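The numbers here are math on the coordinates, done by the rules we state, and not lab data. The shown structure was predicted, so the numbers you read here are calculated from the model rather than taken from an experiment. Positions of Cβ are backbone-derived with ideal geometry, glycine not excepted, and every protein chain shown enters the neighbour counts.
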Amino acid sequence: MFGVRKERLSQQLQREIAAIIHQELKDPRLGFVTITKVELSNDLSHAKIGYSCLGGDEERARSQDALDHSASFVRGLVKKRLRLKIIPEIVFRYDASIAQAIELGRKLDELTGRPPSPP
């Protein structure tokens, strides 16, 4: 039962945080960021928010700074939107899985001799 609640809360947090980032944050350092996953601690007091970002390392570093700077603001908006007893502390972490999947697909295309697909 607890696992189902935790999973449901993770999905709801992912939707809300994505909406907050795209609609509420006006930081010019923030690039095109997509929330990929939310990992909650067992006591629901901490949330690791995985995100991906278009661009290179420089763009990702600027986006990380903007997200780190706005974490408390995002937490405050989540507190207003969701009626929870415990609002988790939010930490943003870059999720490299999408970039790794694209790179793996490119390498597979090279091995099979197909022309590479555009990025």
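Of note:
- Taken as Cα centroids, segment 1-37 and segment 48-97 sit 8 Å apart, rounded to the nearest whole angstrom.
- If R0 is 35 Å, the Cβ-Cβ spacing of residue 4 and residue 69 corresponds to a FRET efficiency of close to 0.55.
- Sequence-distant residues sharing a close amide H with residue 38 (under 5 Å, placed H): 50
- Which label in (1) 35, 15, 12; (2) 20, 18, 16; (3) 31, 19, 11 gives the computed semi-axes √(5λ) of the Cα gyration tensor in Å: (3)
- Comparing mean-square fluctuations of 18, 99, 47 from a GNM of the chain with C-alpha springs under 10 Å, the top value falls on 99.
- For residue 43 and residue 106, a Förster radius of 41 Å and the Cβ-Cβ distance give a FRET efficiency of 0.50, rounded to the nearest 0.05.
- From most to least packed by mean Cβ count within 10 Å, the peptides 24-30, 69-75, 88-94 give 88-94, 69-75, 24-30.
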